[in-house]
Amino acid sequence: MSKKHITTRINGEDVEFLAEPGASLLAALRDELGLTGSKEGCNNGNCGACNVVFDGALVNACCVLAVEANGVEITTIEGVANGEELHPLQTSFLENAALQCGICTPGFIVAAKALLDKEPDADEARIRHWLAGNLCRCTGYDKIVRAVLDAAADMRRTPA
Amino acid sequence: MTDKPNYRVIGTRPVRPDGIDKVTGRAQYGADTRLPGMLRGYVLRSPHAHAKIRGIDTSKAEALPGVKAVMTAADFCAPGQTVDQLPDLSANLMAGTKALYRGHAVAAVAAITDEIARDAAALIEVNYEVLPPVLDVREAMLPGAPILHEAMRSRTPTGPGENPSNIVAHTLSAFGDADAALAECDVVVDIVTSTKMVHQGYIEPQAATATWNPDGQVVIWTCTQGSFPARQNCSQILGHPISKIKVIPTEIGGGFGGKIAVYLEPVAAVLARKTGKPVKLTMDRSDVFEGTGPTPGTSIRATLGATKDGKFKALKADMAYENGAYPGAAATYATMVAAACYDIEHVKIDAFDVVVNKPRTQDYRAPSSPAAAFAIEQLVDKAAEKLGMDPLKLRLANSSHEGSRGPMGMPFSRIGHAECVEAALDSPHYNAPLEGPNRGRGVASGFWFNVGLRSSVNVTVQPDGTVSLVEGSTDIGGTRASLAMQLAETIGVEYEDVKPAVVDTDAVGYNDVTAGSRVTFASGMAVVEAGRNLIKEMTARLATAWNVPADAISFSNGVFSTADGSKTGTFKQIAENVVGRGPGLTVSGSVNAGFLQGGGFAHHIVDVEVDPDTGKVQILRYTAVQDVGTAVHPSYVEGQLQGGAAQGIGWALNEEYYYDETGRMVNAGYLDYRIPTTLDVPMIDTILVEVPNPLHPYGVRGAGEPPIVPPLAAIANAVYRATGQRQTQLPMSPRRILETTGKLG
């Protein structure tokens, strides 16, 4: 089968690429577009390392076909910071030492942003429930959950 | 602990230097390597747990358009060598005459796309003669068991065995007369435990990319725990000089011992040689489970004897550890750690390393210690119950201390196990009542060595008075920060004025693996040495500039000054104005800190609730106490304790390699091999005990490994308190709990 021409918006920029019909969005982001911030941990939707926001919904990019991106607005980890200004979640992850190896960090930040954008008052129980699809093997989650709670409080003080 | 020096940088919590790259997605991990003209590789793996390989026909794969090369084990052979003569190191990367586990690599393809490489692999025809597998460690030890290696003879205390056997080695560790002492003990408790193979579970699958130039220069990008040992192994496997191989470590997405061994690197190099192009190989998650090295399953029988007033007199154990498909030394390690927490006069441990048709095992955080502690720390709990003593006070009364017999019989230097138990006794957690039905509190101790080994760093003074710190230890959990902090402390500059970088194998002296809790400790020693060398060299240059003898210049608190105080300058001023105007200044620090150094002890407290209907164990509260010597960056030290505890919780409650009778792992994915999520663990409280390590200039002890040791037994002890049933098998899954409480079947 021939490749399909895809037109999409990624991190606020218009993007065109050619997609194999069977290729995942994750493969397209990483291999075609060079956006390697989205990570492959499992390639079957179990680890969340490839989380992106897809027309407002949090998805595992490994479980979305690249051709489905046509006409869609996508935010990846590369689009979370505002230019040189880090997002409060990114600052909070750094200050709370919420990463060790860092491979799961992009997925956690994208997922947490998707939550806080809709539920700025999310409490620990809600955050833990929301992030249960993101696996981290280094931290035991303690500092990640605290980082998200701190970022939420910070974002409530200074709304974007 | 009260006389802790007043450090300026050590003990603070700065942001890590590599942090921004990691929160923005810029950091480059193993699979992120992209080179012009790069091919993609794919590895074909054995579907059988035990099979002779009669032949491999790659012709159809080679004929597929887009395929550039296919390789088999024969490509690792030296001239005149046959595949059955390949050493284990090579044979585990690619099976020659025999596949010894499902997932064992048998061939590899390089093609213009990943899809074509996978399609081509499916066209490779391997002629297997399927053999019966042996999957259980005790069954593998029996006469008549299927034999993995016909040429292997057991090493035993009385010499090599006569016949082929799956027992790699029988190691005996004995002090005193344990049998005689046990016969005289007032209280004797015993236990028989079994644990299953579990995986490190790092989120980043293995990935490697290689180029091979016509002049034989090889470059390998890989997410390894040790670029120098990886270079050494590639050199051995490829029969290619070390000087012609450069390993560039990418960022590494977790390892825990599982990324010490090479798997894809030599395969990528061979495919690069055959194609003349860069080749990238990545593993799928199922490849990671089936084709890399998990940690052994075990079978342990142990007996502990004590006097009626609670003094441990004798420990006797028989420990069998799975090595997987090739010989290892997991059980031998176990003999060194099993009794380390306690001062016990009479100890006898028989340890058996055994091969089975499962992946070759590798280290996993405090290798061999958690399974041993699962048995020993339950014995201590049973003894406490029989003696009517508080389990912490019993541990305190029998604790190892400075001078106690340590691993391999050598006395411990200053250690902090007793201090950990005391801190646990004083903790808010242990003093809070636990109420409610089906709830229980458990405690357990744990030990892991702190290995030293070799480290080298370079420090260069920059024109603006800052310094760059060049390291060769790959940074998994924040060691760029902890090493930069030690340098800043030593040379009296701000943490922000030290710029650390992890470089390739051509750019710095030899560094052993990032493992054994050694980087902040041993690379830290190299950093301190480099810092001192730098001050010495700057003093010499300053003597010339100030026209005074070098010994008239002192350096303290970041300031150089003459004895009369007439001339002074901060490090930064001197670096900028004196060094910066002279020839470049780079110094090194190199250490060999030996094999066994210091000792890390942990003690954990856990509260659980067991659902009597479903058998699910919920962790209600968790506290991890550990002697960390000196916490260089306390946040990342806490993170080690929390992460280790969480891995231990997963091991205790959920994780196992689940095999069918043919030797197929039926849960080779994260959905079914379920590691803890945010919902499975509570916040994990930490208590950092700081008994300075006399072997390190700032008192640092390795912190990474001890925290995975206590959780298995601590949770088992808690479940016992909640249900009245001892848990002798892992994982303590809902089904297992219901079986032991009589609610199932």
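Read-outs throughout are calculated quantities, based only on the coordinates presented, and are distinct from any laboratory measurement. What you are looking at is a predicted structure, and each value in this text was computed from that prediction instead of being measured. For neighbour counting, all protein chains shown are included, and Cβ atoms are generated from backbone atoms with ideal geometry for every residue, glycine included.
Values as computed for the structure displayed
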read-out: Loop sites in the range B:332-428: GluC sites (Glu not before Pro), DSSP, at most 12 other Cβ within 10 Å; value: none
read-out: Charge dipole (the protein assembly as shown, unit charges on Cβ, about Cα centre) - positive-most of B:Thr723, B:Gly663, B:Gly19; value: B:Gly663
read-out: Positive minus negative residues near B:Thr741 (Lys, Arg vs Asp, Glu; Cβ under 15 Å); value: +3
read-out: Theoretical FRET efficiency, 1/(1+(r/R0)^6), r = Cβ-Cβ of B:Arg581 and B:Ala501, R0 35 Å, to 0.05; value: 0.90
read-out: Distance in nm between pseudo-label sites at B:Thr82 and B:Asp672 (7 Å out along the Cβ direction from Cα); value: 3.8 nm
read-out: Rule-of-thumb Rg ratio for the range B:641-723 [Cα; 2.2 N^0.38 Å; N residues]; value: 1.43
read-out: Between the range B:1-65 and the range B:358-405, the alpha-carbon center distance in angstrom; value: 34 Å
read-out: Kirkwood-Stokes translational diffusion coefficient of the range A:4-78, alpha-carbon pairs, 4 °C, 1.567 mPa s, µm²/s; value: 110 µm²/s
read-out: Inter-probe distance in nm under a simple model that places probes 7 Å from Cα toward Cβ, at B:Thr570 and B:Asn438; value: 6.2 nm
read-out: Relative contact order of chain A, pairs being alpha-carbon contacts under 8 Å that are 6 or more residues apart, as %; value: 23 percent
read-out: Inter-part distance where the range B:635-653 and the range B:660-679 are each reduced to a Cα centre, Å; value: 20 Å
read-out: Flagged links, alpha-carbon separation over 22 Å, of A:Lys3/A:Lys39; A:Lys3/B:Lys22; B:Lys313/B:Lys386; B:Lys196/B:Lys358; value: A:Lys3/A:Lys39; A:Lys3/B:Lys22
read-out: Inter-probe distance in nm under a simple model that places probes 7 Å from Cα toward Cβ, at A:Leu33 and A:Lys3; value: 1.5 nm
read-out: Potential extension, B:Met410-B:Met683 segment - 0.36 nm per residue separation minus Cα distance; value: 94.5 nm
read-out: Stretchable slack from B:Ser59 to B:Leu142, in nm (0.36 nm times residue separation minus alpha-carbon distance); value: 25.7 nm
read-out: Within the range A:88-157: Cβ-based charge dipole about Cα centre, in debye rounded to nearest 20 (Lys, Arg +1; Asp, Glu -1); value: 140 debye
read-out: Per-residue HN-Hα couplings for the range A:82-89 [Karplus 6.51, -1.76, 1.60; θ = phi - 60°; Hz; x = Gly/Pro]; value: 9, x, 8, 9, 5, 5, x, 5
read-out: Relative contact order of the range A:4-78, defined on C-alpha pairs under 8 angstrom at six or more residues apart (%); value: 40 percent
read-out: Those aspartates and glutamates that a straight Cα-Cα span of less than 14 Å connects to A:Lys4, excepting residues fewer than 8 apart in one chain; value: A:Glu16, A:Glu20, A:Glu32, A:Glu68
read-out: Per-selection metrics, the range B:212-282 (Cα): Rg and Dmax in Å; value: 11.5, 36
read-out: Equivalent ellipsoid, the protein assembly as shown (semi-axes from 5 times Cα gyration tensor eigenvalues, Å); value: 39, 38, 30
read-out: Nearest-0.05 FRET efficiency for B:Thr562 and B:Glu150, computed from C-beta distance (R0 56 Å); value: 0.15
read-out: Mean Cα-pair separation over length for chain B, i.e. relative contact order, pairs under 8 Å, 6 or more apart, %; value: 15 percent
read-out: Of the GluC sites (Glu not before Pro) in the range B:122-162, those whose Cβ has at most 15 other Cβ within 10 Å and which sit in DSSP loop; value: B:Glu150, B:Glu162
read-out: Cα-derived Rg to Rh of the range B:522-587, Kirkwood definition; value: 0.98
read-out: Alpha carbon convex hull of chain B, volume per residue in cubic angstrom; value: 177 Å³
read-out: Extension gain, B:Thr97 back to B:Val130 (0.36 nm per residue minus Cα-Cα distance, nm); value: 10.7 nm
read-out: Distance from the range A:38-105 to the range B:92-133 (C-alpha centre basis), Å; value: 34 Å
read-out: Compactness relative to 2.2 N^0.38 Å, alpha carbon Rg of the range A:88-157; value: 0.96
read-out: Highest average packing first - B:710-716, B:168-174, B:29-35, Cβ atoms within 10 Å; value: B:710-716, B:29-35, B:168-174
read-out: Förster-model FRET efficiency, 30 Å R0, B:Asp318 and B:Asp390, C-beta, rounded to 0.05; value: 0.55
read-out: Order of B:Arg102, B:Arg273, B:Arg701 under a 10 Å beta carbon neighbour criterion, fewest first; value: B:Arg273, B:Arg102, B:Arg701
